[in-house]
1. Could you state how much accessible area T3 has, in square angstrom rounded to the nearest 10, with a 1.4 Å probe and all protein chains kept in place?
2. Contour minus end-to-end for F62 and K182, with contour as 0.36 nm per residue of separation and end-to-end as the Cα-Cα distance?
3. Say R0 is 22 Å: what FRET efficiency, to the nearest 0.05, do K157 and M32 get from their beta-carbon distance?
4. In debye, nearest 20, what is the charge dipole magnitude of the stretch 122-216 about its Cα centre with +1 on Lys and Arg Cβ and -1 on Asp and Glu Cβ, if you could check?
5. FRET efficiency for I42 and N82, Cβ-Cβ distance as r, R0 = 22 Å, nearest 0.05?
6. Please work out how much length the chain gains when fully extended from K112 to A14, using 0.36 nm per residue of separation minus the C-alpha to C-alpha distance, in nm with one decimal.
7. Note the per residue figure in Å³ for the convex hull of the C-alpha positions in the chain.
8. When the helices in the chain are scored as -39500 (n - 2.57) per DSSP H run of 4 or longer and the sum is shared across all residues, what 222 nm value do you end up with, to the nearest 500 deg cm²/dmol?
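The values are calculated or read from the model by the stated rules, or taken from the named source; none is laboratory data. Since the structure is predicted, the reported quantities are computational estimates derived from the model, not experimental observations. Positions of Cβ are backbone-derived with ideal geometry, glycine not excepted, and every protein chain shown enters the neighbour counts. Keep in mind that these areas ignore ligands, DNA and RNA; they rest on the heavy atoms of the full protein, side chains included. Shrake-Rupley method; radii C 1.70, N 1.55, O 1.52, S 1.80 Å.
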Amino acid sequence: MNTLKINGINKDIAVGKILCIGRNYEEHIKEMKAKIPEEPVIFLKPASSVVRNGEPIWYPPFSSDLQHEVELVIVIGKEGKNIPQEDAYEYVLGYAVGLDMTLRDVQSKAKKEGLPWTIAKGFDTSAPVSDIILKEKIPNPQNLIITCSVNGSIRQKSSTKNMISPVDKIISQISKFFTLEKGDLIFTGTPEGISSVHVGDVIDIEITGYIKSSHKVIK
C-alpha cells in the first residue's frame, strides 16, 4: 500500500484512488492544439503509480517520449458524494505538488486508434507526489505558484489562479461521478510548458514557499 507523508507531523496517509483533471489551463490547451472542454475531462491513475519525494521515475522501454506535467494535488480528508461547491473545502485534508508523467507517444497512438490510454498515464512511477501540506497552512489554494524544473532549468511555472475550474468546483464535479474517500488524490491539471525528459534527468517540482519534491529519471 502506497502512503504519503503529512508535512510537519509524524504521520502518513494511505493513498486511495487518483483522479486527474485534464485541460484545466488555457495556455496548456493551446499548446496541445485542443479545445476547452464543456465538461471536465477526468481520468484515473492507480495508487501503485505514486512515488514519494526522492524516489525515482522509471522510463519504460516501450516508450520514446516521456513528458512531465506539474500539477497542484488535492488530498481528500473524508468521504463525500454529490458535494456542493460551497462545502468542498470541508473535504480537503491538504495539498501537494505532483507530476502527471505521460508517455506521449503511447498516448497519441492510443488516441489515434480510438483506444484507452491508461498505460500512458498510469504506468508504475507515473505519479510522483510531494509530502502533504495541511490545508490550514495554505489559506488560498487559488493563489499558489507551481513550478517544474529539469536539471535546474525551469520548464513550467504558473499560478493556480489560472485554473479554468478551481479547487472547490473540481471537488464538487468529481463527487457527482465518484465517491471521494480519505486518501484520494485529485490532480488538478497542468499549465503550459510540458516537455520531454531523458534517463538521468532530475525533475524538481515545487509549490513556491511551501513544499518541494525531487525525482531522477532511471531506466
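1. Roll a 1.4 Å probe over it and T3 shows about 40 Å².
2. Answer, rounded to one decimal: 39.8 nm.
3. 0.80
4. Here the stretch 122-216 has a charge dipole of around 240 debye.
5. Computed FRET efficiency for I42 and N82 comes out at 0.90.
6. 31.7 nm
7. 115
8. After summing the helix terms and dividing by residue count, I get -3000 deg cm²/dmol.
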